[in-house]
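The values are calculated or read from the model by the stated rules, or taken from the named source; none is laboratory data. This is a predicted model, so every value here is computed, not measured. Glycine gets a Cβ as well: all are built from the backbone with ideal geometry, and neighbour counts include every protein chain shown. Quick note on the areas: whole protein, heavy atoms, side chains included, nothing else; ligands and nucleic acids left out. Shrake-Rupley method; radii C 1.70, N 1.55, O 1.52, S 1.80 Å.
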Amino acid sequence: MIEDYWGVSRKILGDLKFLESLKTYDKDNIPPMIMKRIRERFIDHPDFQPAVIKNVSSACEGLCKWVRAMEVYDRVARVVAPKRERLKEAEGKLDTQMQKLNQKRAELKLVEGRLQALNDDFEKMNTKKKMLEENIEICSQKLIRAEKLISGLGGEKDRWTEAARQLGVRYTNLTGDVLLSSGTVAYLGAFTVDYRAECQKWWLAQCKDKVIPGSSDFSLSNTLGDPVKIRAWQIAGLPTDSFSIDNGIIVSNSRRWALMIDPQGQANKWIKNMEKANRLSVIRFSDTNYVRTLQRALQFGTPVLLENVGEELDAFIEPILLKSTFRQQGVEYMRLGENIIEYSRDFKLYLTTRLRNPHYLPEVAVKVCLLNFMITPLGLQDQLLGIVAAKEKPELEEKKNKLIVESAKNKKQLKEIEDKILEVLSLSEGNILEDETAIKILSSSKLLSEEISEKQEIASMTEMQIDETRMGYKPVAVHSATIFFCISDLVHIEPMYQYSLTWFINLYVHSLAHSRRSEELELRIEYITEHFTLSIYNNVCRSLFEKDKLLFSLLLTIGIMKEKKQINEEIWYFLLTGGVALDNPFPNPVSEWLSEKAWAEVVRASALPKLKGLMEHLEQNANEWKLIYDSAWPHEEMFPGSWKFLQGLERMVILRCLRPDKMIPAIRKFIAEHMGNVYTEAPTFDLQGSYNDSSCCTPLIFVLSPGADPMA
């Protein structure tokens, strides 16, 4: 509306200056000329209605207002109009730019889409990269662990392959081996080493006949023995020979309590040392409090050694021998006499007897596991070698004993480590290279194992060097052990002739201390053996009847010669028995002077290795042999023909056949030739010497003949 008025006013006024001049006048003082002009122009104009402008004053007033408004509008329009133009131009440009913008936005959207895809790919690749880096790290760790595993256990491959092969063989032979082991534990404990070996050999043959798989070289220690445990037993005093080791295995595996026949006290010593740490109780049936000791041991599970038992066992211990237990409210009890005792599964009972050849009734034998613990030559030799080495080279023996203990400890640790390694390997699930804990355990175990193996290798080399030095004294040990078993055979002549190992070892130590010294080993060994042999001879003769002294000298001589392989067993047995035959198919050609018995012995002697042809020679040279037969000193005569070169036992065999009455002087001569004259004449009784040998623990006992006066 204002714009329209503005256009009209331009037409009416026609002059902008006129409009501008009106601004200076108020409505009350407009000049007449101006008023006339206004009237002409405005009031008479067709576009202005009279109703609107009634008079000039009001018209002027309105017109002034309108003009002022127009002036304001004009002023504003002058500013706005260019702006509107520019706005329009800008809007046009804006449209153009917006189109471009929209185009660019579309392009941007495409780019952003591609960027998002690339970002997604980037994220995927980053994730993949991270996974690959993690895999690389894991693989690196696995490689490191694999290197540790290979370096640690790679060296074990050959050994474990061989061990696995041997285990496979042992698994195959398990049936027969366990069968023989069970039989040995159950039935062969009471027998000697030779009879045990014979039985095992026969059983093995039976297994092969019945196609039962078993080891061709069966050994109880290989089947049931634990090397670590056996070493610990030997340190505790068990002899090192296989017979004693088998005895130890039988003791530890038998379901019945062991009753050990132990005349030399070897088992006693071993049990006391082995169970010392477990609070062993040592009792006898003669002790007043042995029942209370047994009850306490049963309850608390401590071991008991019942020593010096006889051929009959007290009925009181029968429930213990039979293991007659019963359960009450989940607890195991045993009725012992009138008392009910709580029974501990840790309880152990060992029984030993000093009797050399006891006879146990079947009802006793079935309740216990009888074990022959008599010392063997090999076991005694090792013991005596240890003593002589300890006396002659104490520093070496002490070092060896330390090495034995250290070696046993090392082997035990190695066994534990190997078991640990195998346990970790068997329990590891999945890939072992992913189990860092297992690898650490294996690495540390292997390092420790290598350290121990190195120590063990050094210890083994040192032990071998010490053993070389010790073995220099072996002839002394072998000789002394031979003498001990010669003395042990005297019991077959007279039951009173029994000598303890302790007594024997005391004499042995005495000889080591008092025999002549020498820097040369061979001379020193000779002095020790001479001194000890004579010392034993004098001490044993002191306790023999006069009639048995020469026999002991002969046994001593034969025993020492056997040890030196100088005795033919066939000839020795013939000398003792005269040979065995049912009849004599050859008639006696010299029956006028030679008895049938003597001729039969000559015939049997002709079958011996060095006496072949004796019968024929005697038949062909009867007169020459008759001279020997008739001689007062046949043992000193030269035999006819080539037989004059015979020496030793072969000569005595011929003498036994022809003149058995002259065997005693012949034996004296034989002993003198091999041992010296001192062993042919019994030493006179030396009371002072006997008194010096006695002590508060070894009293003197005099065996008097009827009518003898001991007072002198």
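Somewhere in the stretch 538-555, is a residue in contact with a Ser or Thr (Cβ under 7 Å, 6 or more places away or on another chain) and at pLDDT 90 or above? Yes: one or more hits.
The numbered conditions (1) touching a residue at least 24 places away in the same chain (Cβ under 8 Å); (2) open to solvent by 50 Å² or more (accessible area, probe 1.4 Å); (3) over 23 Å from E546 (Cβ atoms) are all true for C696 except (1).
Taking residues in the stretch 166-191 that are within 25 Å of P263 (Cα to Cα), and partners anywhere that are of a type in the set (G, A, S) and assigned to a loop (DSSP other than H, G, I, E, B), the pairs with Cβ atoms closer than 8 Å and at least 6 places apart or on different chains are V185/S254; A186/S254; G189/S254.
Would it be correct to say that A197 is of a type outside the set (S, T, Y) and outside any helix (DSSP H, G or I)? Taking the combined requirement at face value, the residue does not satisfy it. Residues in the stretch 479-506 that are buried (at least 19 other Cβ atoms within 10 Å of the Cβ) and modelled with pLDDT of 90 or more: H479, S480, A481, T482, I483, F484, C486, I487, S488, L490, F504.
Which residues, taken from the stretch 471-507, are closer than 18 Å to Y527 by Cβ and touching a residue at least 40 places away in the same chain (Cβ under 8 Å)?
Those that are closer than 18 Å to Y527 by Cβ and touching a residue at least 40 places away in the same chain (Cβ under 8 Å): G472, Y473, K474, P475, V476, A477, V478, H479, S480, T482, I483.
Quickly run through the stretch 209-221 and pick out the residues that are surrounded by 13 or more Cβ atoms within 10 Å (Cβ to Cβ) and assigned to a helix (DSSP H, G or I). L220, S221, listed by residue number.
Reported count of residues in the stretch 510-521, each being open to solvent by 40 Å² or more (accessible area, probe 1.4 Å) and aliphatic (A, V, I, L, M), is 2. Only a single criterion out of (1) among the aliphatic types (A, V, I, L, M); (2) open to solvent by 20 Å² or more (accessible area, probe 1.4 Å); (3) within 20 Å of S690 (Cβ to Cβ); (4) not in a helix (DSSP H, G or I) is not satisfied by L544, namely (2).
Taking every residue in the stretch 664-675 that is more than 16 Å from W572 (Cα to Cα) and pairing it with any residue that is charged (D, E, K, R), at least 6 positions away or on another chain, the pairs with Cβ-Cβ distances below 8 Å are K669/E636.
In the stretch 180-208, what residues are open to solvent by 70 Å² or more (accessible area, probe 1.4 Å) and of a type outside the set (K, R)?
Listed by number, the residues that qualify are Y187, F191, T192, D194, Y195, E198, W202.
When you check Q299 against the structure, is it open to solvent by 50 Å² or more (accessible area, probe 1.4 Å) and touching a residue at least 40 places away in the same chain (Cβ under 8 Å), yes or no? Yes, satisfied. Residue by residue through the stretch 373-426, note down the ones that are touching a residue at least 24 places away in the same chain (Cβ under 8 Å), β-branched (V, I, T) and open to solvent by less than 30 Å² (accessible area, probe 1.4 Å). Those that are touching a residue at least 24 places away in the same chain (Cβ under 8 Å), β-branched (V, I, T) and open to solvent by less than 30 Å² (accessible area, probe 1.4 Å): I375, T376, V388, I417, I421. Which of the residues spanning the stretch 681-693 are hydroxyl-bearing (S, T, Y) and surrounded by 12 or more Cβ atoms within 10 Å (Cβ to Cβ)? Scanning the stretch 681-693 gives a single hit, S690.
Residue count for the stretch 594-620, restricted to those that are in a loop (DSSP other than H, G, I, E, B) and surrounded by 14 or more Cβ atoms within 10 Å (Cβ to Cβ): 4. When the stretch 302-331 is filtered for residues that are charged (D, E, K, R) and open to solvent by 20 Å² or more (accessible area, probe 1.4 Å), the ones remaining, listed by number, are E311, E312, D314, E318, K323, R327.
Scanning the stretch 676-685 for residues that are in contact (Cβ under 8 Å) with a residue 24 or more places away in the chain and either out of contact with any helix residue (DSSP H, G or I) (no Cβ under 6 Å at 6 or more places or on another chain) or outside any loop (DSSP other than H, G, I, E, B) (or both) yields a total of 3.
Looking only at the stretch 451-475, filter to residues that are open to solvent by less than 100 Å² (accessible area, probe 1.4 Å) and out of contact with any Leu (no Cβ under 9 Å at 6 or more places or on another chain); which one of those is nearest to I404 (Cα to Cα)? The qualifying residue nearest to I404 (Cα to Cα) is D467.
Counting only strands (runs of 3 or more DSSP E) that sit completely within the stretch 331-437, zero hold 2 or more residues that are of a type in the set (S, T, N, Q), at pLDDT below 75 and assigned by the TED database to the domain that holds A236.
Scanning the stretch 438-447 for residues that are of a type outside the set (S, T, Y) and surrounded by 15 or more Cβ atoms within 10 Å (Cβ to Cβ) yields A438, I439, I441, L442, K446.
From the list S324, S286, the one residue that fits, being of a type in the set (G, A, S), within 15 Å of K367 (Cβ to Cβ), modelled with pLDDT of 90 or more and in the same structural domain as R354 (by the TED database), is S324. Among the candidates L655, L627, single out the residue that is part of a helix (DSSP H, G or I), free of Cβ contacts under 8 Å to residues at least 24 places away in the same chain and in contact with a Lys or Arg (Cβ under 8 Å, 6 or more places away or on another chain). Just a single option satisfies the conditions, and that option is L655. Scanning the stretch 510-535 for residues that are within 43 Å of the chain's Cα centre (by Cα) and outside any helix (DSSP H, G or I) yields E519, E520.
Name, by its number, the condition in (1) in the same structural domain as K597 (by the TED database); (2) free of Cβ contacts under 8 Å to residues at least 24 places away in the same chain; (3) out of contact with any helix residue (DSSP H, G or I) (no Cβ under 6 Å at 6 or more places or on another chain); (4) open to solvent by 50 Å² or more (accessible area, probe 1.4 Å) that does not hold for M638. It fails just one condition, (3).
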